[in-house]
Every structure is written in structure tokens, then in C-alpha cells.
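Written below as C-alpha cells is the structure these notes are about.
The values are calculated or read from the model by the stated rules, or taken from the named source; none is laboratory data. Quick caveat, the model's predicted, so the values are computed rather than measured. With ideal geometry, Cβ positions are generated from the backbone for all residues, glycine too; neighbour counts draw on all protein chains shown. Calculation scope for accessible area: heavy atoms of the full protein, side chains included, ligands and nucleic acids excluded. Shrake-Rupley method; radii C 1.70, N 1.55, O 1.52, S 1.80 Å.
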Amino acid sequence: MEVTITSENFESLKNGAQPLVVDFWATWCGPCRMVSPIISELAQEYDGRIVVGKCDVEENEELAADFSIRNIPTLLFFKNGQLADKMVGAQSKARIQEKFEALL
């Protein structure tokens, strides 16, 4: 299951018991629409082990700026409250899944 990431809930999710993956995206972004179904699939596959969230950069400009998000889609991977990895641009499911596995 995917959650919606906002400035209000980000810190609590980042510092939660499970690793966090944040997909920074926008509705007008073609590559984001390509990655979105992959993120949804992985959210289901890793449900209960990794929290997966989507953050609309237009609705959460401050949060995107905090992490210097300049290109989307950008995936940020957090473990133990710390940024563990980053992936920019459309990627294959296999490449993204490798990053998920590295969080466990």
C-alpha cells in the first residue's frame, strides 16, 4: 500500500520502524507515469516491510527543496531515519527492486 507523503507526515514516516521509499513525482511528468505502476507493485510486494510513499512536488515544494529535487521522478530511500540512497529518472522494476532489497 502506498501512502501520500506530505510535509506534515514525512518526519514521522522517515523515523518509523520500517524503511521508507519516497517517490517524488508530478501529474504532468511522463516518466513519473511510467514509474508509478512499478512503485505501486513494489509497495504491495513489500507491504509490512517497507513503507512506500508518493510525494507530489507541486503540492510539497518545501519538502522537494529540502532534498534538492531538481528532476523527477526521484526516489529517495531512507533507513533508520537517514537517507540511504537516491535514484533519479525512470528505471526498470529490477533496478528499483535492487534498491528495495538493499533497505532490508
query: Quick check, is Val3 surrounded by 15 or more Cβ atoms within 10 Å (Cβ to Cβ), outside any helix (DSSP H, G or I) and in contact with a Leu (Cβ under 6 Å, 6 or more places away or on another chain)?
result: no
message: Given the options Leu75, Leu83, Leu63, name the one that is in a strand (DSSP E or B) and over 19 Å from Arg33 (Cβ atoms).
response: Leu83
query: Take the residues of the range 86-104 that are of a type in the set (Gly, Ala, Ser) and part of a helix (DSSP H, G or I): which is farthest from Glu8 (Cα to Cα)?
result: Ala94
- request: Go through (1) open to solvent by 50 Å² or more (accessible area, probe 1.4 Å); (2) aliphatic (A, V, I, L, M); (3) over 13 Å from Val22 (Cβ atoms) one by one and return the number of the condition Ala84 breaks.
  value: (3)
task: Confirm whether Phe78 is aromatic (Phe, Trp, Tyr) and surrounded by fewer than 20 Cβ atoms within 10 Å (Cβ to Cβ).
output: no
Where a residue in the range 67-84 is closer than 16 Å to Phe10 by Cα and its partner, wherever it lies, is of a type in the set (Lys, Arg), with Cβ under 6 Å and at least six apart: Leu76/Lys86; Phe77/Lys99; Phe78/Lys14; Gly81/Lys14
task: Could you please find all residues in the range 17-45 being part of a loop (DSSP other than H, G, I, E, B) and either among the aliphatic types (A, V, I, L, M) or crowded, with 20+ Cβ neighbours inside 10 Å (or both)?
output: Ala17, Pro19, Ala26
task: Quick one: Lys54 ticks every box in (1) under 12 Å from Phe24 (Cα atoms); (2) free of Cβ contacts under 8 Å to residues at least 24 places away in the same chain; (3) of a type in the set (Lys, Arg) except a single one, so which number is it?
output: (2)
